[in-house]
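The values are calculated or read from the model by the stated rules, or taken from the named source; none is laboratory data. Here the structure is a predicted model, which is why all the values come from computation and not from measurement. Virtual Cβ from ideal backbone geometry, glycine too; neighbours counted across all protein chains shown. All accessible areas refer to the heavy atoms of the entire protein, side chains included, with ligands and DNA or RNA removed. Shrake-Rupley method; radii C 1.70, N 1.55, O 1.52, S 1.80 Å.
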Amino acid sequence: MELLGLYNYFVFAVLLMVGLYCILARTNIIKSLIGLTIFQGAVFLLYISMDKIDGGTGPIILEGAPADTIYANPLPQVLILTAIVVGISTTALGLAVAVRIREAYGTIEEDEIQEMDREQ
Amino acid sequence: MDLALDIISAILLAAGTFFVFAGGVGVMRMPDFYTRMHAASLTDTGGAALIIAGLLLQGGLTLAPVKLLAIFLFLFLTSPTASYALVNAALLSGLKPRARNETGAPLPEGEALQPVTRLGKRGTNTPQDNTGKAAAKQPAAKKAAAKKPAEKKPAANKKAAKKS
Amino acid sequence: MTLHDQLPALLVVVPLVTAPIAYLLRAHGLPWAAAVAANVTAFIIACALAATVYGGETIIYEMGGWPAPYGIVLHIDALSALMAMLVTGASAAALIFGAKSLADEVGEEIAPSFFAAWILCTAGLTGMVITGDAFNIFVFMEISSLSTYILVSAGPDRRALVATYRYIVMGTIGATLYLIGVGFLYMATGSLNTVDIAARIGDVTEVRLLLVAAGFITVGLALKAAIFPLHSWMPNAYTFAPNVVTVFIAAASAKVSLYVLIRIDYAIFYKNIPNHELQLALLLVPMGILALFAGSMLAIYEKNLKRLLAYSSVAQVGYIALGISMASVSGLTAAIVHMFNHGLIKGGMFMAVACLALRYRSVNIANLAGAGRAMPWTMAAFVIGGLGLIGVPLTPGFISKWYLVLGALEKGGLGAVLVAAILLSSLLAVIYVWKVVEVAYFKEPRANAVPVEREAPLVMLIPTWIVVLAGLWIAIDSSMPVTMATLGAETLLGAR
Amino acid sequence: MMTIVFSLFLLTMLVLVAVAILRTENLFTAVMLSGIFSLLMAANFFVLDAADVALTEAVIGAGISTVLFLGALALTSEKDRSPPVGSWVPLISASALGAVIIYAVMQAPRLGDPNAVVHNHVAPWYLEKTPELIDVPNVVTAVLASFRGYDTLGEVFVVFIACMGVMSLLGRVRPRKDSIKLTEYEERSRNLRHHLIPRIVGKMLVPFIVLFGLYVQFHGDFGPGGGFQAGGLIAAGIILYSLLEGDWRGRELVPEWFTSLMVAMGALLYAGVGVVCMLKGGHFLNYSVLFEDPIKGQHIGILLVELGVGLTVTGVMITVFHAFARRGVR
Amino acid sequence: MMMEWVYFGACVGILVTMTLAVVRGLIGPTIFDRVLAVNMFGTKTVLFLAVVSYLSGRPDFLDLALAYALINFIGVLAVLLFFQSREVRRAAEAEKEAGK
């Protein structure tokens, strides 16, 4: 049970590993960018796992709710809300660069690009 | 009264869950893409309708039933449309339905290289039947689907000819 | 509240507000003018703030009027004011310097977004420098890095795109690692405000969380600062960016990550993790020494002048890392002063390179033969900068190396090794600077090369020489940066 | 208990999908799976009581991000030709990363532990003071727009920069496809006009999506929602229109100058509210000084600020989508 | 109390179906199967969210389910358009081949 309570964090660790491996091992630019989204997604999971309280509910205080209602922690949610938007911004920029690279080099494989640059 | 409502909605929910689950099994077990699509699209709409009906009976806050109805409408409209779009795209890309002729031998152009399952062995389906099933809900789909590949290739060829 | 009370916020807000306006300005030259106006204003504000905190006090500005652990506060002391001056100054100088060169390199069509990105880059860097909130640093780090990607990608060569892509990937990994570190810190302390974290961190019993948080933050920022084994994105980004952009990012961008590294490590972890000095030293000393030698060696064998200087930056960041690892007032002072001085030196040198590139249309060292005669003023500026890199007395580089050696000598036995490494790498610097000087002054231009007769235009020469002279002035009267750095170092180490 | 059961399911699937993304060599498959990944992530956020984040992740992560990836794929290539075995560096660094994290999280508080430090410092203050100081039911909105409004301001500028970046990268060479008469087939490949059913159903939905977006925008004080989510939804509506009718018609509907203006104006509106607060003698972004009654000031401030966020995010998402779509058939 | 168990059962049923959809997405074999899996997965997520919001007693969170339904549809249409443009690219490539 103790370990089950930490399951979220283990998954976070695994996702980070998968993401990082995908970024570093794959030479394909778009694949690396997908890896980057996994990598960032893992961090979202870390933060959101912190906000849960047993028996709690979303931090929206409705009128008429019983006074002893437990609310989840709003702060990590706010942080991740902003982090998600950072993520999509980075991805969009990366994709735009990938499209331009493809137009300039005719490929999106890093090793092939490197070879072309060496010839230059 | 409340109890009766609860029981009805429980039955609806259970039935809906069963439909949904059956769809899931269908998607796993069916032999090729078109049959899988058939399983998915039918139960998507049916199961969703039952589950949402079950939830509707529970009422809740004032706005909740309205939202539920909206969700239902959305699913009801978009789910079949999405299925249509997908089948159309598959046909356009040249994915042939896996099918068998009257004698039970596989048609040569079958593309889905799945191990033969029990459903596949029945062997009475003709290609037309197979597509018809998937697109049965939208007659137009069938028409469009049947028309597209025929007119696509010439168009592409014409272009190729013009440029070269 | 008076205007003076609002200055901390204005330092960031002025550029932020100018950026969308610059983006909407379509007329020729206007975006550039808006960028110059915003950056000069920010520089003036930074100077005013520096004057206020020169005596050692700290300004706290509550964003939105919410008090410290709940809202975000800006936190300005001598150290952050010094860095803010460096960033805004470098940005303004590079922009003014680049009036002609940028019009040349950056197309009319992308000018609005280019200059808006430039303004936001300044805003992001200053925001990182003055904020007192760990998560807010991440947000402004992203502002500065995303805008730097745009600036780099505007480079004329197609290789600029690949460099940008690598920079995006590495920069995002770095920022994400930092974010994980902050997450663990938050998990352990429940707070995001740096002062509050420092106050609460003593009670934390989960040492592992803190250790790993420290590790992630350090590695993430080291990646952003291009400390040696993590520097792979940097040489190409510097080389293929437009020349003026290189001036700016070489002078300011990496330094800010180092500053954040110092700030967080010393303000939060140093006092509360047992043996943190040792951990820092174990991580940073090998990295620093490797950086010194690897950077210098790579620079010696490099044929492209811009990449040569980029590798030299790798080596110079090594000095700063060594200074940080010493955990003593003189070591930290050396690190901070060197950040400032290296900003000046490298800024000046890259400006000279931009002048050369404008006339020679190439930054390959072999093509620059005869530059010493054709462009005497530019090459003189370059040589003075080069002497600064080596650390010759009467150049700014000497001051920081002097403090670094002092700090190393305090350490006893290990210190002697460090001193030897510093001296040896200075010798290597002599080699790579000489390599350029030799070609520029003593080689005849190739027969088939287009002869260059003209000196760089005055609009470029004057800012270059202002920067060079500012460096020389600092070398002679180094009281301003040294006082502020010492103050900063003492505050950081203070309450041990 | 139930949370743990749901989490077990969802998280295990998450890992499966992530590994599958890593292994597949077809980029289209990878993009589809990353769509599932985002949906799973969002469902998981919802189970963990983070409704606002779940909405954002669904709209931005699963929706817009997938559309952008597809747009980029159409312009690049579908095949990942990475060599199957690379160097050891990635494997070692990834395993080191995982080992370090697992070492650390063994000391983390378990999921939902009410005694965890995070629940006993700062956060209770927000929950307690929000009704009193700001008086909006959604605490997330209060923290986002007011207590940590400076962060959100930074965030708006991050998306603003992304928009500028994509425009400066993809807008530079103007493809002249719009002016040249497209061949029939080329033109058809850029819209779905000949698909009668999707077209009619889709066009019917567009106004409802935009309406729903507006609802999310202005209902954000009371329920999950706010500028980011609404911006994503409204943009999704416009994107749907562009998909159906062709991107050039989408650009006729919301021209580029208009989206640029939206982007800049949204950012300016946010920063401008802050500046007005300064002019009125308060700190930057201190909405309480906007009116006599501080609570009313906060309400108006949050409304305006969220509007700024919504404007910018909508504009950015539309611009970025159109930038990819316009690059066109090559 | 009874209703909660019903909801819980429904949730688990839907979750299992989601797992099946994911497995179909993982094994393919054609790309259309994967798109089908994504679409089906999206619909199931909508239902899951709807039931969970009743289970947790917060029906005001139904907004999410609505948003999911919308996004899902847009995703499928984007895929359809993508397939079309791919056909054009293939035609162009074939043309290039022929040109050689």
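Results, tabulated for the structure shown:
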item: Extreme residue, nearest to B:Ile51 (Cα to Cα), among residues of segment E:12-31 that are open to solvent by less than 10 Å² (accessible area, probe 1.4 Å) and facing chain B (nearest Cβ under 9 Å); result: E:Ile14
item: Given (1) more than 24 Å from C:Met484 (Cβ to Cβ); (2) open to solvent by less than 10 Å² (accessible area, probe 1.4 Å), index of the condition C:Val17 fails; result: (2)
item: For C:Thr52: the one exception among (1) within 30 Å of D:Tyr126 (Cα to Cα); (2) part of a helix (DSSP H, G or I); (3) in contact with a strand residue (DSSP E or B) (Cβ under 8 Å, 6 or more places away or on another chain); (4) of a type outside the set (Gly, Ala, Ser); result: (1)
item: Count of residues meeting criterion [surrounded by fewer than 18 Cβ atoms within 10 Å (Cβ to Cβ) and under 22 Å from E:Leu77 (Cβ atoms)] in segment B:24-69; result: 0
item: Condition check for B:Leu69: more than 8 Å from every other protein chain (Cβ to nearest Cβ) and in contact with a Gly (Cβ under 8 Å, 6 or more places away or on another chain); result: no
item: D:Leu196 being more than 30 Å from C:Ile137 (Cα to Cα) and either more than 8 Å from every other protein chain (Cβ to nearest Cβ) or at pLDDT 80 or above (or both); result: yes
item: Number of the condition not met by D:Val136 [criteria: (1) within 29 Å of A:Glu2 (Cα to Cα); (2) more than 7 Å from every other protein chain (Cβ to nearest Cβ); (3) in contact with a helix residue (DSSP H, G or I) (Cβ under 9 Å, 6 or more places away or on another chain); (4) not in a helix (DSSP H, G or I)]; result: (1)
item: Subset tally (residues that are open to solvent by 20 Å² or more (accessible area, probe 1.4 Å) and either of a type in the set (Gly, Ala, Ser) or within 13 Å of the chain's Cα centre (by Cα) (or both)) for segment E:55-74; result: 3
item: Selection from segment D:19-41 of residues that are open to solvent by less than 10 Å² (accessible area, probe 1.4 Å), in contact with a Phe, Trp or Tyr (Cβ under 8 Å, 6 or more places away or on another chain) and at the interface with chain A (Cβ under 9 Å from one of its Cβ atoms); result: D:Ile21, D:Val31, D:Met41
item: Residues within segment D:116-151 that are among the polar types (S, T, N, Q), surrounded by 23 or more Cβ atoms within 10 Å (Cβ to Cβ) and without any contact (Cβ under 8 Å) to a residue 60 or more places away in the chain, tallied; result: 1
item: Qualifying residue in segment C:244-253 (condition: at negative phi, of a type in the set (Gly, Ala, Ser) and more than 15 Å from the chain's Cα centre (by Cα)); result: no
item: Residues that are in contact with an Asp or Glu (Cβ under 8 Å, 6 or more places away or on another chain), facing chain B (nearest Cβ under 7 Å) and more than 21 Å from D:Thr24 (Cα to Cα), drawn from segment E:32-77; result: E:Thr43
item: Of residues in segment D:245-284 being of a type in the set (Lys, Arg) and in contact (Cβ under 8 Å) with a residue 40 or more places away in the chain, the one farthest from the other protein chains (Cβ to nearest Cβ); result: D:Arg251
item: Options C:Ala37, C:Ala103, C:Ala51: the member that is farther than 26 Å from D:Ala267 by Cα, free of Cβ contacts under 8 Å to residues at least 40 places away in the same chain and open to solvent by 40 Å² or more (accessible area, probe 1.4 Å); result: C:Ala51
item: Segment D:95-112, subset closer than 16 Å to C:Ala188 by Cβ and more than 30 Å from the chain's Cα centre (by Cα), residue most open to solvent (accessible area, probe 1.4 Å); result: D:Tyr103
item: Qualifying residue in segment C:181-203 (condition: more than 7 Å from chain D (Cβ to nearest Cβ) and farther than 21 Å from C:Asn272 by Cα); result: no
item: Which listed residue, of A:Thr27, A:Thr91, is within 7 Å of chain D (Cβ to nearest Cβ) and under 18 Å from D:Asn26 (Cα atoms); result: A:Thr27
item: Segment C:135-159 - residue that is more than 11 Å from chain D (Cβ to nearest Cβ) and in contact (Cβ under 8 Å) with a residue 40 or more places away in the chain and, of those, least open to solvent (accessible area, probe 1.4 Å); result: C:Gly155
item: D:Leu16 being in a helix (DSSP H, G or I), at the interface with another protein chain (Cβ under 7 Å from one of its Cβ atoms) and free of Cβ contacts under 8 Å to residues at least 24 places away in the same chain; result: yes
item: C:Ser232, sole failed condition from (1) more than 30 Å from C:Gly107 (Cβ to Cβ); (2) outside any helix (DSSP H, G or I); (3) more than 10 Å from chain D (Cβ to nearest Cβ); (4) of a type in the set (Gly, Ala, Ser); result: (1)
item: Odd one out for A:Leu36 among (1) surrounded by fewer than 24 Cβ atoms within 10 Å (Cβ to Cβ); (2) within 22 Å of the chain's Cα centre (by Cα); (3) facing chain D (nearest Cβ under 7 Å); result: (3)
item: B:Thr17 vs. criteria under 25 Å from E:Glu4 (Cβ atoms) and among the polar types (S, T, N, Q); result: yes
item: Hits in segment D:217-245 (condition: over 12 Å from D:Val59 (Cα atoms) and among the aliphatic types (A, V, I, L, M)); result: D:Ile238, D:Ile239, D:Leu240, D:Leu243, D:Leu244
item: Selection within segment C:328-362 - over 14 Å from the mean Cα position of the chain (by Cα) and open to solvent by 10 Å² or more (accessible area, probe 1.4 Å); result: C:Ser328, C:Val329, C:Ser330, C:Ala357, C:Leu358, C:Arg359, C:Tyr360, C:Arg361, C:Ser362
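Condition check ((1) of a type in the set (Val, Ile, Thr); (2) over 20 Å from C:Ile390 (Cα atoms); (3) part of a loop (DSSP other than H, G, I, E, B)) across all residues:
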site: C:Gly407; (1), (2), (3): no, no, no
site: C:Lys411; (1), (2), (3): no, yes, yes
site: C:Leu427; (1), (2), (3): no, no, no
site: C:Ile431; (1), (2), (3): yes, no, no
site: C:Tyr441; (1), (2), (3): no, no, no
site: C:Ala456; (1), (2), (3): no, yes, yes
